[in-house]
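For reference, the structure discussed in these notes is given below.
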Amino acid sequence: MVSKTKQTWNRRIARQKKMGNVRKRLMRRGGTPAFPVHPEGYDPKAADAKPVDAKTDTKG
């Protein structure tokens, strides 16, 4: 039979590992919050606007 000390230590280690896995899973699930790519008032023709690819610009 295993000593109470050894059993307690093993259970503590297992519990800490599990808590870490749950925490990591929750953080991965949370991820980055959704936000608009082009916020309200965005002007694509403004001087500081990002350049648009030629492929996506000419749809026809």
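Gain on full extension, evaluated as 0.36 nm per residue between F35 and A14 minus their Cα-Cα distance, stands at 3.8 nm. Here the Karplus curve 6.51 cos²θ - 1.76 cosθ + 1.60, taken at θ = phi - 60°, turns the phi angles of segment 2-12 into couplings of 7, 6, 4, 5, 5, 5, 4, 4, 5, 5, 4 Hz, with x standing for Gly and Pro.
Every number here is computed from the coordinates shown, using simple stated rules; none is lab data. Predicted, not measured: the structure shown is a model, and the values here were computed from it.
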